[in-house]
Amino acid sequence: VILGGGMQMMVSDSPGTPSDPLDTWSCRRQDGMNLINSYIQDKQSRNLKYSYVRNNQELRNLNVADTDYLFGIFANGHLKYEFERDDGPQGMPSIVDMTEAAIKVLQKNNNGFFLMVEGGNVDMAHHRGRAKTAINESSAFDDAIQRALAMTDEQDTLIIVTADHTHTLSINGYQDRGADLFASRWDSTNYTTLSYGTGGPDSMHYYAETNAAGQVEVKRRDPSLEDTNDFYYEQVAGIRSDENTHGGGDVTVYAKGPYSHLFHNIHEQHYVYHAISFAAKLGEYGRPRFNWVSNAHRHHKTGD
Ligand SMILES: [Zn+2]
């Protein structure tokens, strides 16, 4: 199962449309190849049951019983943010829709399955410095997790939720319980609850002004005069860059199901890969002759 965007990388000279423009930040295939046709020809030549879908309508009408391989490309570049997505027949599916379709197809395999779902627009929105959009995308990702939990059984399915990095987002001040996360607050100087360490030009809210005494003062735009609840609002950042960057903070790892007890502490990032491999008996951990316990014992005795 492959679902997402990236049409302009797979189909040579893919045209942009007003509702799905070409992504000018990404590469674009111009070598005459059409990888979607290659995929379809491969599945047909091997008599495999596949479905190729391009929009909500085709994904909703998916014949799961007749699909072992599902391929869906819904945008030239990245998929639209949830708040601006067209959820009509010709529009792009939500992360919930794609998660559900993927699990329906993969669940037919008696040997089990591995599925990676990325809420990639959380990262995209943070890079643009738009905290409200990023949090709205986190909420959409949360809906997808709920759907996956509802469709699977924790007796036989390990679900891990984590992130590959943080961003430079900060939560500022002493806000009241239940306060609007996107509002601004007056503590002798008005500021938003959320801000970034780094940001693009529109996150630079500072400007210079000469006072009556002829001295230059650095001032900051008053957020209470702006619509800080707009999905396009870019919170203030301390450091001017081309855009907000990733951060170096720890991320959380949530796990439920078999072997979820392996996630219980501070772990290096690569540990997640090994724990998944071990739980699913993949790779090194899946070799018949690989005896985890006796191997560890031997290393202990010889001291290497
Ligand atoms: Zn990123």
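The values are calculated or read from the model by the stated rules, or taken from the named source; none is laboratory data. None of these values were measured; they are calculated from a predicted model. Please note: Cβ atoms are built from the backbone with ideal geometry, for glycine as well, and neighbour counts cover all protein chains shown. Surface accessibility is based on the protein's heavy atoms, side chains included, excluding ligands, DNA and RNA. Shrake-Rupley method; radii C 1.70, N 1.55, O 1.52, S 1.80 Å.
A Förster distance of 45 Å, applied to the separation of the beta-carbon atoms of Lys108 and Asp86, puts the FRET efficiency at 0.90. Normalised radius of gyration (Cα atoms, divided by 2.2 N^0.38 Å) for region 1-92: 1.12.
Got a number for carbon plus sulfur as a percent of the chain's accessible area, 1.4 Å probe? Show your work: numbers first, answer last.
Details: 9360 of 18640 Å².
Here carbon and sulfur together make up 50 percent of the probe-accessible area.
For a test of the definition: using alpha carbon positions, the gyration tensor, and the 1.5 limit on a/c, classify region 1-159 as rounded, prolate or oblate. Working shown, then result.
Working: a/c = 1.93, a/b = 1.05, b/c = 1.83.
Verdict is oblate for region 1-159.
Net length available on complete extension from Leu115 to Ile36 is 26.3 nm, with 0.36 nm assigned per residue and the Cα-Cα distance removed. Projected label points at Tyr273 and Val64, each 7 Å from Cα along the beta carbon direction, are separated by 3.2 nanometres. Computed from the C-beta positions of Tyr206 and His165, the FRET efficiency with R₀ = 35 Å rounds to 0.85. The residues of region 1-91 present an accessible area of 58 Å² per residue when probed at 1.4 Å with all protein chains retained.
To the nearest 0.05, how large is the calculated FRET efficiency for Asp13 and Val216 if R₀ is 45 Å and r is the Cβ-Cβ distance? Walk me through the numbers before you get to the answer.
Details: r = 53 Å, r/R0 = 1.17.
After rounding, the FRET efficiency stands at 0.30.
Is the shape of the chain rounded, prolate or oblate, going by the alpha carbon gyration tensor and its root eigenvalues a ≥ b ≥ c, with a/c under 1.5 for rounded and a/b larger than b/c for prolate? Verdict is oblate for the chain. The loop-placed chymotrypsin sites (Phe, Trp or Tyr not before Pro) in region 122-189, going by DSSP, that have at most 10 neighbouring Cβ atoms within 10 Å of their Cβ come out as Tyr174. Full extension of the chain segment joining Arg177 with Tyr285 gains 34.1 nm, where the gain is 0.36 nm per residue of separation less the Cα-Cα distance.
Volume of the convex hull of region 170-240 (Cα atoms only), normalised per residue: 101 Å³. If you sort the three axes of the alpha carbon gyration tensor as a ≥ b ≥ c, you get a/c of 1.5 or more for region 143-183 and a/b above b/c, which makes it prolate.
Take region 125-172 with all the other protein chains still there, run a 1.4 Å probe, and you get 48 Å² of accessible area per residue.
Give me the distance in nm between label points sitting 7 Å out from Cα along the Cα-to-Cβ direction at Thr24 and Tyr50, one decimal. Label-label distance for Thr24 and Tyr50, simple model: 3.4 nm.
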